[in-house]
Amino acid sequence: MAEPTDRAVARQLPSSPRGPANPRVLDIEIEGMTCAACVARLERVLGNAPGVVEAQVNLALARAAVSLDENALDAAQIAEVVARAGFSATTDQTTYPVEGMTCAACAARVERAIRAEPGVVDAEVNLALERATVTTLSGTVTGEALAARVADAGYRLAVDAGDEAGERERAERESRRIDSERRVVVAAALMTLPMVVGMIFQAFGIEELHLMPAGEVLLATPIQFILGARFYRGAFNALRGGGANMDVLVVLGTTAAYFYSWYLLTVLGEAADGQLYFEASAVIITLVLLGKHLESRARRATTSAIRELMDLRPAVARVRSPDGAEVDKPLSQVVRGDVVLVRPGERIAVDGDVVAGASEVDESVISGESMPVPKVPGDEVTGGAVNVHGYLEVRATTVGEESALTRIIRLVEDAQRGKAALQRLVDRISGIFVPVVVALSACTFLGWLFATGNAGAALVAAVSVLVIACPCALGLATPTAVMTGTGAAARRGILFRDIDALERVHAVDTVIFDKTGTLTEGTARVEDIAVLGELQCQAGGAAAEAQEEELLRLVAGVQRASEHPLAAAIGRLAEECSVTPALATDFQNAVGQGVAAQVEGRTVRVGNAEFALAGAAVPSTPFDPATHTLVWAADERGPLGVFAIADPLRQQSAQAIERLKAIGVEPVLLSGDSTAIVRRIGDGVGIAEARGGVKPEGKAQEVAARQQRGECVAMIGDGVNDAPALAAADVGVAIGSGADVAMETAGVTLMRPDPMLVPEAIAASRATVRKIRQNLFWAFIYNIIGIPAAMLGYLSPTLAGAAMALSSACVTGNSLLLRRSLRRSAIPRCTSTC
């Protein structure tokens, strides 16, 4: 196929007429250029793109200065032109807090305002998090320019709130705002109460307690224009920015009711008593204020996971200076290699290695591990964990943005700020929602006026339509469920890389396990010892035990010079049994076979049967070589003994497999180990399909074969030799510990090596997706039923206001139920396809 010409590459995008002078210039960083021919080609391609006045490419700086007229392509299309020319325009992604949004229409308008800035490739605004994630061509857009765009739309984008101090300040400001909202709600309720009481008694024929019109005016006016001022500000900002939001609906409805009441009072005088709608406008504003306050509190609860994680970082670390003195340093000033001192009860400030002291460390907030973990010199610790008792000195290995805790926070934030596929449809609906509702309200007014001739009845129906409509519930349905679900999962040690991974996991129906380090501990252990020869024992005790101890002493001495995992297993056993290894000299290592050494005047050979026995006949043993790795020991006189070594199952492996089967997920075991060993592991945990001798590429082929049969496959592995299968699977799951696991590479990260987290991750995903669907159903059905009911006159403005106020709170509250359901580890059955 012929390569497209430069002009053809550029013309694959929509054309627009070239504009006049005063071009804007984008200074774009380019990757992939290697010579002057690349420069010439890119200049030609960019020059032929619609709206490009001039393009100058600098090879040395790897940059392209592109002058654009007012009709030019946007940044995303410019980046596409560069990509089609065979290069790439580098991009940056930044997250900014956004204040002042009240509904999904606000979020959509902020997105449009940000995307209008030259250099912006994409923008996603999360209403629940009140954040904007902006992708820009590197170096072309400043935060100040974005803030100006957002300000023109009627909102505030905080440029300087991205660091930890800024986040804490924003959290404090949010807390103060919620307290202020509560005071406003209380004041509005107290002022509305007399009107509501009078209205109730009037309904029962008791006119004495009904307020006079003057009293209604005195109470309704401050509610309308002082306590309800936030709605007027929001509506003004929205209309100034060229859009409409929930505030516009509230202002239109309540203002119409308020001034129509004044009209009746002016025209009819005292005869207007009983026909006024002051109490309706006051009740609507009070109920909406209450609903927004409940929504703010619930929304804050959904983001508690990130705040809790941020609170784990101590502000100050105690560091030992070169002269031995203890110095308190801000955490931002701690560098790799510093020795941090941790007293009992304190949080560990950095990731590092223990160099002195011994203690137990509570890592539950990082990995979900409930029991404290012993730590001695040489062990790794993770920043944010609590030193339960004892004194520790920790040498910092990772600090700042590379620390495990910061990476966890970043991963949780990435998952929470993404948009589900359904949410993108909702966003499009929200963009036209308010104008459609205003049009329906106008039609309702005209229809009632034409049908009845009663302007009052027409106004009541029109106001009810304006008030019942709620785009807030639509905007909050998905993000609140995602934030609650991912936050609850993070507390259990389960991290979803992004919203796409969260959505894919719920459909998984096949889980493929690698054996080593997932279902097994990943560390070889000596399971049994058989003594085959007569040994001169140095210790007393029972004859058999003394013989085994003597064999262990000799073999541990020989294996001390080896770094083989099997040698390490024997060394650990000697340490656990308090056996001092024999002194060995003249080591000889036969790669892949074993080790020989001189021990107390004789040559001891340790390794496989062929090496250790030097070709002699292999004696019978009580061990099955098909299910254990056998390490033989012999000297000049013949065999001394044999060690049966295996990789033991994790304690909860069988239970995890049982849970997977119970929810309709098929477990499969693939490993490079021998077929007999893998079959034994499979039988031990209850996996019917367990195959050994499978190479890494074979695992990837098995994943592909199952996908072709329509299965949705998750691959559980260590991320090293399983990399091809992890990449090929619908969901790659990395299992490890907080500091060492590759969080950014897998779709799901399990922060501790517990196989029970696999069904729990599926539970979290399924429960979250179910909540998203419940919330969207409620948000849509509420509007689908409520708006027609209001148009037909079945809802009064007061009842409509109550329903609107509760709709958002109900959606957010339903999302918060996720925390309780996930604590109970409820795992629903899924029938979806991938």
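The values are calculated or read from the model by the stated rules, or taken from the named source; none is laboratory data. The structure presented is a predicted model; accordingly, all values stated were derived computationally and were not measured. All Cβ positions, even for glycine, are placed from backbone atoms using ideal geometry, and neighbour counts span all protein chains on display. The protein model used for the area step is the full one, side chains on, heavy atoms only, and it has no ligands, DNA or RNA in it. Shrake-Rupley method; radii C 1.70, N 1.55, O 1.52, S 1.80 Å.
Per atom type, the chain shows carbon and sulfur on 57% of its accessible surface, probed at 1.4 Å. When W778, W448 are compared by accessible surface with a 1.4 Å probe, the order from highest to lowest is W778, W448. Where does helix 471-491 land angle-wise versus the long Cα axis of the chain, in degrees 0 to 90, nearest 10? Once rounded, one gets 20 degrees. Here Rg and Dmax of the Cα atoms in Å was calculated from the structure, and among (1) 42.0, 139; (2) 34.8, 122; (3) 28.3, 80 it sits at label (2).
Heavy-atom accessible surface of segment 644-738, averaged per residue, reaches 40 Å², computed with a 1.4 Å probe. Compared with the dominant Cα axis of the chain, that is its longest principal axis, helix 246-268 is turned about 20°. For segment 227-272, the solvent-accessible area of protein heavy atoms averages 45 Å² per residue (probe radius 1.4 Å; ligands and nucleic acids excluded). What whole-number distance in Å separates the alpha-carbon centres of segment 423-448 and segment 607-678? Rounded to whole Å, the Cα centres lie 69 Å apart.
The distance between label points at A561 and D586 comes to 1.0 nm (points 7 Å beyond Cα on the Cα→Cβ vector). So what is the 222 nm mean residue ellipticity for the chain from helices alone, if each DSSP H run of at least 4 adds -39500 (n - 2.57) and you divide by all residues, rounding to the nearest 500 deg cm²/dmol? Value at 222 nm, helices only, nearest 500: -15500 deg cm²/dmol. Ignoring lysines fewer than eight residues from K661 along the same chain, the ones with Cα atoms less than 22 angstrom from its Cα are K515, K699. Sorted largest first by accessible area at a 1.4 angstrom probe radius, with every protein chain in place, the residues H628, H564 fall in the order H564, H628. Each peptide in 107-116, 377-386 receives the mean, over its residues, of other Cβ atoms within 10 Å, and ordering these scores from highest gives 107-116, 377-386. Using only the alpha-carbon atoms, how far is helix 75-84 inclined from the longest principal axis of the chain? Give it as 0 to 90 degrees, nearest 10. The helix 75-84 is inclined about 40 degrees to the chain.
Highest-first packing order for the peptide set 437-446, 28-37 is 437-446, 28-37, based on the mean count of other beta carbon atoms within 10 Å. Near A596, within a Cβ-to-Cβ distance under 15 Å, what is the net charge of the other residues, with Lys and Arg +1 and Asp and Glu -1? So the surrounding residues net to -1. Peptide packing for 593-599, 189-195 was compared via the average number of neighbouring C-beta atoms within 10 Å per residue; ordered from the highest value, the list is 593-599, 189-195.
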